[in-house]
Amino acid sequence: MIKKSSLGKVVAGVAVLAMTSLISPISAIANDIKPAVIFDMGGKFDKSFNEGVWEGVKKFTEETGIEVMEFEVTNETQREQAMRRMVERGATIVLGVGFAQADAISKVSAENPDTLFSIIDVGWLDAPNLRQYVFKEHEGSYLVGVAAAHASQTNKVGFVGGMDIPLIRKFACGYVGGVKSVTASADVFQNMTGPTPSAWNDPAKGAELTRSQIDRGADVVYHAAGGTGLGVIQAAADSGKLAIGVDSNQNGLAPGSVLTSMLKRVDVAAYETFMDAKNGNFSSGVTVLGVAEGGVDWALDDNNASLVTDKIKSAVEAARSDILSGKVVVHNYESDSSCPY
């Protein structure tokens, strides 16, 4: 879509939770791996979620020389068809990107028990040949919420989500928690872009919502909106305000105007999926990645060095320590469909 973002080097290994035993067809597959990835709406160069996955795929290919078959979904009807096509083309491991591929991967994996499958942002399926990755986005969002509260001069900040679903409410709630932990009286304006998958790829709407929040006094706006977030970042920069990126490191999209980015290490999930399949270490079950596992974080680089003061850095690191120690337990919206902050 646009040029690639400058996401830092992929971490090859992370701690995992709730992993189950190795599945039987691994050894044969490991000797002759043929990987495939199906990117979701917004495209692999969306500068955010899909592109984070692409970074992991690219690292795998660079290290192994193994090419990865790929398909970019442009409408909802293509997901299942694309998976079936990959299997027909001989794929031995298929990675589905995003919760919207859950139904398709559940059906196709059941029909192809000798093929391995993996999916990101899904943790409720059950199949012996399927690995699932879920992230504690609320923890990473809490960290950038702390940063936003300290950077704000108005005690008013914003959040722009993509598709209005519990997962994105999870981002929003963690962010509110982080902001309120610093300034209990702060206002956090929230808008979702829309109820359909097109909400992930509407930069104009993202910019419109951001300008509306800025008009109400917000001076820091965090997005969790995929390609729509490009409009959020641009609108904040044009208004002389600060944005917070998501998923990939988006600090470089508007240097000096992006306070930080909430890193969701989907690159790790992609790299690990294919490398484990290659090495015969693939396992089914659910892998959970949060602050403790290096699955979520905030981004620091030359592009935001002038924005992140020592006070902000110390506050975020203190919040991280509190999460790791259990002193702070960030509320997960998906657990009860509520946000108590």
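What follows draws every value from the coordinates through simple rules; no lab data is involved. Quantities reported herein were computed from a predicted structural model and do not represent experimental measurements. Quick reminder, even Gly has a Cβ in these numbers, built from the backbone with ideal geometry, and neighbours come from all protein chains shown.
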| query | At a Förster radius of 30 Å, what calculated FRET efficiency corresponds to the Cβ-Cβ distance of Thr64 and Ala305, to the nearest 0.05? | reply | 0.30
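In percent, how large is the relative contact order of the chain, given Cα pairs closer than 8 Å and 6 or more residues apart? Don't skip to the answer; put the middle values down first.
Values: 811 pairs, mean separation 80.7, N = 341.
Worked out over the chain, it gives 24 percent.
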| query | In nanometres, what is the gap between the two model label sites at Glu334 and Lys313, each 7 Å from Cα along Cα-to-Cβ? | reply | 3.3
| request: Just name one of Gly326, Thr77, Val134: the one whose Cα is farthest towards the positive end of the charge dipole of the chain (beta-carbon charges, Lys/Arg +1, Asp/Glu -1). | output: Gly326
| note | Rounded to the nearest whole number, the per residue volume of the convex hull around the C-alpha atoms of segment 170-287 in Å³ is 137
| task | Determine ³J(HN,Hα), in whole Hz, for all residues of segment 140-157 in sequence, where each value follows from phi through the Karplus function 6.51 cos²θ - 1.76 cosθ + 1.60 and θ = phi - 60°; x replaces Gly and Pro. | result | x, 5, 4, 4, 6, x, 4, 4, 4, 4, 6, 7, 5, 9, 10, 6, 9, 10
| remark: Taking only the alpha-carbon positions of the chain as identical scatterers, the Debye log10 I(q)/I(0) at q = 0.06 Å⁻¹ comes out as -0.20
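In a shell of Cβ-Cβ distance under 13 Å around Lys136, excluding Lys136 itself, what net charge do Lys and Arg (+1) and Asp and Glu (-1) give? Show your work: numbers first, answer last.
Working: positive: Lys170, Lys264, Arg265, Arg320; negative: Asp121, Glu137, Glu139, Glu293, Asp297, Glu334.
Within the 13 Å Cβ shell, the charges total -2.
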| message | Between Arg216 and Trp124, what's the calculated FRET efficiency when r is the beta-carbon distance and R0 is 41 Å? Round to 0.05. | response | 0.65
| request: Go through segment 44-57 residue by residue and turn each phi into a ³J(HN,Hα) via Karplus (6.51, -1.76, 1.60, θ = phi - 60°); whole Hz please, and just put x for glycine and proline. | output: 6, 10, 7, 6, 8, 4, 4, 5, x, 4, 4, 4, x, 4
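Calculate for the chain the 222 nm mean residue ellipticity that helices alone would give, adding -39,500 (n - 2.57) per DSSP H run of length 4 or more and normalising by residue count, nearest 500 deg cm²/dmol.
Numbers: 11 runs with 132 residues, N = 341.
Mean residue ellipticity at 222 nm (helix-derived): -12000 deg cm²/dmol.
What number, in percent, do you get for the relative contact order of segment 131-230 if the mean sequence gap of Cα pairs under 8 Å and at least 6 apart is divided by its residue count? Intermediate results must be reported in sequence, preceding the final value.
Working: 189 pairs, mean separation 37.0, N = 100.
Relative CO of segment 131-230 lands at 37 percent.
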